[in-house]
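Nothing in this text is a laboratory measurement; each read-out follows from the coordinates by a stated rule. From a predicted model like this one, the values you see are computed outputs, not experimental measurements. Don't worry about glycine lacking a Cβ; one is built from the backbone with ideal geometry, like all the others, and counts go over all protein chains shown.
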Amino acid sequence: MSGTPYLTDEWGIEMRKVAMVTGATRGIGKACALSLAKAGYDIAVTGRTLREGDGKVPSASAKDPRELAVPGSIETTVTAVRALGREALGLQLDILSRASIDQVLDQVLQQWGRVDVLVNNAIYQGPGLMYRFTEFTQEQLDACLLGILVNQVHITRRLLPVMVQQGGGTVVCIGSVAGVGPPPVPPAKGGWGFLYGASKSGFHRMAEYLHLEHKDDGIRSFLVEPQMTVTDTMARVFGEGVRSLVAAGRAFTPEITGEVVAWLVSHPEADAYAGRLLSTPTFFKDNGITPGA
């Protein structure tokens with residue numbers, strides 16, 4: 001399968017290529033949606049927050065379980081994609097609801113008839129995610145696994161037959177340093193919680209199995225790890241001071257991962273990187289790649 005963002009039919013007429021991005025309202029998901037739009041993909045923008053001003057995330061403390069307002073929305077990302085000259089379909093998706101997921105997948109396929117790229121980025125954003133080991137509830141554990149691992153597998157398994165039938169496709173899994181090892185500091189001091197780390201560890205395995213079992217079906221699968229990435233959500237939960245980590249070279253911006261994802265799905269030579277963990281902040285430098293070349 002070609003990695004270029006354009007297909008042609010049997011008469012040589014150009015066909016659209018479609019990317020579906022989960023959790024595309026803000027942060028890394030939004031950055032991926034915009035980078036893919038720049039690369040020529042029409043985007044199915046999915047997420048929880050429909051309108052600007054409605055976004056909420058939980059605090060990191062079980063002792064102060066507030067909901068905190070965050071910027072970003074489906075409507076805002078859709079507008080940004082269209083400003084880049086691509087089509088966008090904005091659909092509200094609850095990663096904890098199988099019915100919601102199936103409805104969105106049906107709508108995307110009904111609207112465009114294909115999905116060439118799936119970016120598995122959405123995660124559970126409820127209470128417990130960043131709690132200490134003794135503080136989360138069993139219900140929060142179940143929800144986290146459902147939203148970060150189980151339903152991500154469901155989405156991918158539903159789209160795999162579609163991709164195989166259309167001649168190929170690409171699955172990008174947005175991993176996390178939390179899935180690789182323990183946090184440098186406890187959750188209460190800014191580190192990630194067990195729920196997030198354990199769920200991401202399981203999620204990390206999906207790309208390698210997709211590559212092992214479906215590469216001969218024309219399916220390319222990538223696992224990208226953004227390292228410490230400062231997002232609006234992180235700044236709201238841990239304080240605006242975390243943004244200084246970017247200037248200090250200790251953290252990165254979502255746009256870096258977006259650029260790597262767009263390169264991987266748009267270049268045939270990216271096949272060499274399929275099925276294994278890739279660190280996005282150093283990916284281009286480590287592999288001698290000039291973005292845009």
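To the nearest 10 degrees, how steep is helix 27-38 against the longest Cα principal axis of the chain, on a 0 to 90 scale? So the inclination is approximately 20 degrees. Close amide H contacts of SER279 (hydrogens built in the peptide plane, cut-off under 5 Å, sequence separation of 5 or more or a different chain): GLU225. Mean sequence separation of contacting Cα pairs (under 8 Å, at least six apart), scaled by the length of the chain, corresponds to a relative contact order of 20 percent. Scaled against the 2.2 N^0.38 Å expected of a compact globular protein of N residues, the Cα radius of gyration of region 103-225 reads 1.17.
Have a look at LEU93, PHE133, VAL21 and report the one farthest towards the positive end of the charge dipole of region 15-286, computed about the Cα centre with Cβ charges (Lys/Arg +1, Asp/Glu -1). So the residue we want is PHE133. Over the chain, dividing the summed -39,500 (n - 2.57) contributions of all DSSP H runs of at least 4 residues by the number of residues returns a 222 nm mean residue ellipticity of -11000 deg cm²/dmol.
Scaled against 2.2 N^0.38 Å for its residue count N, the alpha carbon radius of gyration of region 29-176 is 1.11. Computed from point charges on the beta carbon alone (+1 for Lys and Arg, -1 for Asp and Glu), the dipole magnitude for region 238-293 about its Cα centre is near 200 Debye.
Taking amide H as placed 1.01 Å from N in the peptide plane, the amide H of SER221 sits under 5 Å from that of VAL171, GLY275, each at least 5 places away or on another chain.
Each Lys and Arg Cβ is given +1 and each Asp and Glu Cβ -1; about its Cα centre, the chain then shows a dipole of about 700 debye. Length gained on full extension, ALA248 to GLN103, computed as 0.36 nm times the residue gap minus the Cα-Cα distance: 47.9 nm. Based on DSSP loop calls and a cut-off of at most 12 other Cβ atoms within 10 Å, the longest stretch of the chain free of exposed trypsin sites (Lys or Arg not before Pro) is what? Result, exposed sites excluded: 67-249. Counting 0.36 nm for each residue step from PHE133 to ARG82 and taking away their Cα separation leaves a gain of 14.0 nm. Residue exposure proxy: PHE133, PHE283, PHE222, ordered by other Cβ atoms within 10 angstrom of their Cβ from fewest to most, comes out as PHE133, PHE283, PHE222.
Rounded to whole numbers, the Karplus 3J(HN,Hα) couplings from phi for region 203-217 are 4, 4, 6, 4, 4, 5, 6, 4, 5, 4, 9, 10, 4, 6, 8 Hz, using 6.51 cos²θ - 1.76 cosθ + 1.60 with θ = phi - 60°, and x at Gly and Pro. For region 79-165, the fraction of C-alpha pairs farther apart than 15 angstrom is 65 percent.
The stretch between ARG205 and ARG66 holds 46.8 nm of extra length on full extension. This uses 0.36 nm per residue minus the Cα-Cα distance. Using bins of 10 Å that start at zero, the share of Cα-Cα pairs per bin across the chain amounts to 6, 29, 38, 20, 5, 1, 0, in whole %.
A Gaussian network model of the chain, with springs between Cα atoms under 10 Å, assigns the largest mean-square fluctuation among ALA272, ALA44, ALA207 to ALA272. Summarising the label geometry, the points placed 7 Å from Cα in the beta-carbon direction at ASP286 and ASP217 lie 2.8 nm from one another. Using θ = phi - 60° in the Karplus curve 6.51 cos²θ - 1.76 cosθ + 1.60, the 3J(HN,Hα) couplings for region 97-110 round to 10, 4, 5, 5, 4, 5, 5, 5, 4, 4, 5, 5, 5, 5 Hz; x is entered for Gly and Pro. Give me the aspartates and glutamates in straight-line cross-link reach of LYS285: C-alpha distance below 19 Å, same-chain residues under 8 apart excluded. Reachable aspartates and glutamates: GLU225, GLU255, GLU259, GLU269, ASP271.
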